[in-house]
Amino acid sequence: MLIFVGLLALGGLAPGDAAPNPFFEEYKTPFGVPPFDLIKNEHYLPAFRAGMEQHKKEIEAIIQNPEAPTFANTLEAMERSGALLTKVANVFFSLNSAHSNDTIKAVAKEISPELSAHNDDIFLNADLFKRVNAVYEQREKLNLNAEQMRLLTQTYRAFVRNGINLPAEKQERLRQINQEMAKRSQEFGQNLLDETNDFVLFVENKAELGPLPESLVELAAAEAEKRGKPGQWAFTLQRPSINPFLQYSPNREMRKKMFEGYAARGDRDNEKDNKKLLSELADLRAERANLMGFKTHADFILADNMAETPQRVFGLLDQVWKPALEVAKKERAALQEMMKKDGIEGDLQGWDWRYYTEKLRKEKYDLDEEAMRPYFEVNNVRDGVFMVAKNLYGITFHQRKDLPTWHPDQQVFEVKDKDGSHLGIVYLDFFARESKRGGAWMNDLRAQSKLDGVVHPIVTTNFNFPAPTATSPSLLSFTEAQTLFHEFGHALHGLLSNVTYASLSGTNTPRDYVEFPSQVMENWMSEPEVLKMYAKHYKTGQPIPEDLVKKIEATSKFDQGFATVEYMAAAYLDMYWHTLEKPSHLDARAFEKECMDKIGLIPEIIPRYRSGYFAHIFSGGYSAGYYSYLWSEVLDADAYQAFKETSVFDQKTADKYRTLLSRGGSRPGMDLYREFRGRDPKIDPLLERRGLK
């Protein structure tokens with residue numbers, strides 16, 4: 001997807017179209033939301049290609065402008081360009097992640113290298129850069145405001161980072177590399193989705209399920225019936241299925257099958273194997289970095305992030321790794337002892353960790369995670385998020401059942417500001433399905449801007465929660481409830497944006513800053529006074545009992561060694577893949593083992609994402625950036641202290657924090673943070689929160 005976008009409404013037919021393509025007309029829906037009910041698979045390719053063609057003409061018009069380059073006729077004109085292409089891409093890539101099918105996958109595979117080539121045509125255009133550079137060289141004399149200066153410097157840097165200063169032969173190789181990377185990234189993601197969907201474990205004896213919540217037992221029964229095995233229970237590698245199974249099934253052999261099925265995705269030596277693909281991607285990234293004059297891909301990426309260098313990233317990781325690993329080893333000893341009490345000889349294994357963690361949690365704190373699920377019905381948690389946002393910022397949420405959706409499960413809300421004015425639209429897509437990739441994420445369907453009148457944001461949040469059954473609503477685990485708060489933090493970053501330029505609005509920030517607002521939002525989820533607002537039993541409506549709240553507080557640091565180590569192992573793995581100094585043609589499995597041995601990862605824990613299914617870095621935008629969750633957590637733990645020093649809904653602090661959110665990427669992240677907090681962040685609150693200090 002292109003970096004610089006505009007938001008002009010366009011109409012008409014694509015050449016040769018027999019009927020109107022919704023992308024070529026101004027949306028006639030309320031608030032200008034995409035008409036998902038009218039958009040068909042066959043509309044995407046013609047719309048993409050028309051969008052690219054129109055964008056080329058808009059860029060050529062900027063170049064051919066006879067007037068001397070100015071901020072308005074060059075930078076703002078570029079910002080306005082590409083409106084149709086952005087309009088198509090925002091819808092398509094949202095659907096490709098959340099509700100894909102074979103046709104959409106084929107379109108993604110075909111169009112991705114074309115989009116890469118189109119992006120190169122713009123950022124390797126010497127005549128266009130000549131105009132941008134002319135404005136950049138006189139920037140100090142132009143009396144630009146902070147946001148205009150940010151747009152100018154970021155645009156200039158984008159040309160440089162996309163190779164404009166390279167000689168012609170290197171630019172040609174760069175184009176080839178970019179297209180090859182686009183192809184492999186798409187193939188990696190499609191392989192992973194297929195691998196995840198292909199695995200299923202059938203259980204014939206209900207006793208093997210253990211104390212699984214009845215709603216999940218029903219889901220497993222429905223899944224088995226769908227797969228032609230009525231009377232059995234089917235478990236998949238979707239998080240709502242595998243996680244509870246590993247936590248509660250007493251059958252160790254079945255836990256092993258599930259665990260190994262999950263851990264071997266993309267590494268089965270079959271037609272969906274990702275090892276060769278990801279190794280080639282790492283090599284291509286290393287080659288590109290070398291072409292650009294950087295030692296490694298990580299050096300190239302981080303030069304544009306808050307961290308700036310791989311050394312600073314490793315410095316942060318190393319600071320947390322040692323205490324986290326020590327805590328994890330203590331947790332392992334406790335779990336091993338419990339396993340021995342069960343009469344099981346031998347060493348604790350990866351498929352035992354979650355099972356014995358739950359048993360230990362219950363023994364030590366008299367807390368069973370499943371006992372909490374009835375208090376976290378998905379709509380109640382959603383309402384809790386809404387209440388927190390209202391208490392902090394005065395905004396309100398109003399369900400709109402008249403707006404089109406891409407799936408019947410979606411909920412849509414109009415968001416109004418404290419004065420009752422329209423602020424934006426948010427879509428919520430809660431439940432797991434085969435057409436949706438794993439994890440949880442937020443997308444822009446339309447970014448906020450004020451360049452040509454006020455354009456309100458339209459954002460989506462996407463999850464993989466257990467779906468309702470015939471007898472039970474969707475009941476979330478404590479962690480799943482945290483995820484809802486997390487993704488809504490991203491949504492608020494988009495919804496509360498108040499900048500001029502779409503390319504600097506909302507979550508258009510450096511990768512190691514973008515997770516900061518989402519992680520801050522998680523803090524309110526488990527505050528005792530907030531729990532009482534929304535955590536109500538789905539049957540009785542009674543608020544969560546005081547003793548259960550105290551148990552939740554008491555267990556806040558429980559299993560944090562495991563959680564920190566499995567995350568950090570993946571962060572290290574990402575950095576090792578992307579600090580290769582040249583193409584190395586590595587054996588992915590052997591390289592991963594070497595990396596994990598190097599940091600001393602204990603065998604009972606695997607990285608949260610092994611290489612074969614590390615979509616964040618091989619088919620997403622987090623290469624040399626998965627550390628950013630930890631980097632952002634340093635910011636978030638320190639920032640939330642500002643509320644704890646007053647009150648969790650202190651209005652003065654909330655107003656200052658909303659100002660930070662409203663500025664998106666229009667200023668450097670650390671500048672915004674210092675303005676909010678009055679100083680640089682400290683790491684102590686993070687270590688204290690995780691019980692590592």
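The values are calculated or read from the model by the stated rules, or taken from the named source; none is laboratory data. Values in this document were obtained by computation on a predicted structure and should not be read as measured data. For neighbour counting, all protein chains shown are included, and Cβ atoms are generated from backbone atoms with ideal geometry for every residue, glycine included. In case anyone asks, the SASA skips ligands and DNA or RNA and just uses the protein heavy atoms, side chains included. Shrake-Rupley method; radii C 1.70, N 1.55, O 1.52, S 1.80 Å.
Couple of notes before you dig in:
- Rg over Rh [alpha-carbon atoms, Kirkwood Rh] for segment 14-116: 1.03
- Rounded to the nearest whole Hz, the Karplus-based 3J(HN,Hα) values (6.51 cos²θ - 1.76 cosθ + 1.60, θ = phi - 60°) of segment 534-547 follow the sequence 10, 7, 10, 4, 5, 8, 9, x, 6, x, 4, x, 4, 5, with x at glycine and proline.
- In segment 543-693, Rg over Rh equals 1.05, where Rg is the alpha-carbon radius of gyration and Rh the Kirkwood radius from pairwise Cα distances.
- Put simply, the convex hull of the Cα atoms in segment 398-457 casts, on average, a shadow of 5.4 nm².
- For segment 206-327, fraction of C-alpha pairs farther apart than 19 Å, in %: 68 percent
- For segment 614-668, the Rg and Dmax computed from alpha carbons only, in angstrom: 14.8, 42
- Alpha carbon convex hull of segment 100-162, volume per residue in cubic angstrom: 96 Å³
- Annotation: Cα Rg of the chain relative to the compact-globule expectation 2.2 N^0.38 Å equals 0.95.
- Whole-percent pair-distance distribution, where bins are 10 Å wide, for the alpha carbons of segment 49-205: 9, 30, 30, 18, 7, 3, 2, 0
- Couplings 3J(HN,Hα) for segment 286-294, derived from phi with the Karplus relation 6.51 cos²θ - 1.76 cosθ + 1.60 (θ = phi - 60°), are 5, 5, 4, 4, 4, 4, 7, x, 9 Hz, where x marks Gly and Pro.
- Multiplying the residue separation of LYS418 and ASP37 by 0.36 nm and subtracting their alpha-carbon distance yields 134.0 nm.
- Value of Rg/Rh across segment 262-305 [Cα atoms, Kirkwood radius]: 1.17
- Helix axis angle, 44-64 relative to the chain longest principal axis, alpha carbon, degrees: 40 degrees
- Between segment 259-324 and segment 548-587, the Cα center-to-center distance that results, in Å: 14 Å
- A 1.4 Å probe over all protein chains sorts MET533, MET575 by accessible area into MET533, MET575, starting with the largest.
- Ligands, DNA and RNA excluded, the heavy atoms of HIS493 present near 0 Å² of accessible surface to a 1.4 Å solvent probe.
- Descending semi-axes in Å of segment 319-464, equivalent ellipsoid built from Cα gyration tensor: 44, 18, 17
- Qualifying GluC sites (Glu not before Pro) in segment 474-553, where qualification requires a DSSP coil assignment and no more than 15 other C-beta atoms within 10 Å, are lacking entirely.
- Solvent-free Debye scattering, log10 I(q)/I(0), computed from the Cα coordinates of segment 301-405 at q = 0.17, 0.22, 0.24 Å⁻¹: -0.92, -1.07, -1.19
- D (Stokes-Einstein, µm²/s), Kirkwood Cα radius, segment 460-593, 1.306 mPa s at 10 °C: 86 µm²/s
- Rounded to 0.05, the FRET efficiency of the ALA72 and LYS598 pair, given R0 = 51 Å and the Cβ-Cβ distance, is 0.45.
- Taking every Cα-Cα distance in segment 112-223 and sorting them into 10 Å bins starting at zero, the pair-distance distribution P(r) comes out as 11, 24, 18, 14, 10, 14, 8, 1 percent.
- Distances between every pair of Cα atoms in segment 219-278, grouped in 10 Å steps from 0 to the bin holding the largest one, split as 21, 40, 32, 7, 0 percent.
- With the helix formula -39500 (n - 2.57) applied to DSSP H stretches of n ≥ 4, the chain reaches a computed 222 nm mean residue ellipticity of -17500 deg cm²/dmol.
- Among the GluC sites (Glu not before Pro) found in segment 171-252, those both in a DSSP coil and sparsely packed, with 12 or fewer other Cβ atoms within 10 Å of their Cβ, are GLU204.
- Probe 1.4 Å - accessible area at TRP577, Å² to nearest ten: 0 Å²
- With all protein chains modelled, accessible area of TYR534 [1.4 Å, Å²]: 10 Å²
- Extension gain, ASP194 back to ASP684 (0.36 nm per residue minus Cα-Cα distance, nm): 172.2 nm
- Quotient of C-alpha Rg and 2.2 N^0.38 Å, computed over segment 158-228: 2.15
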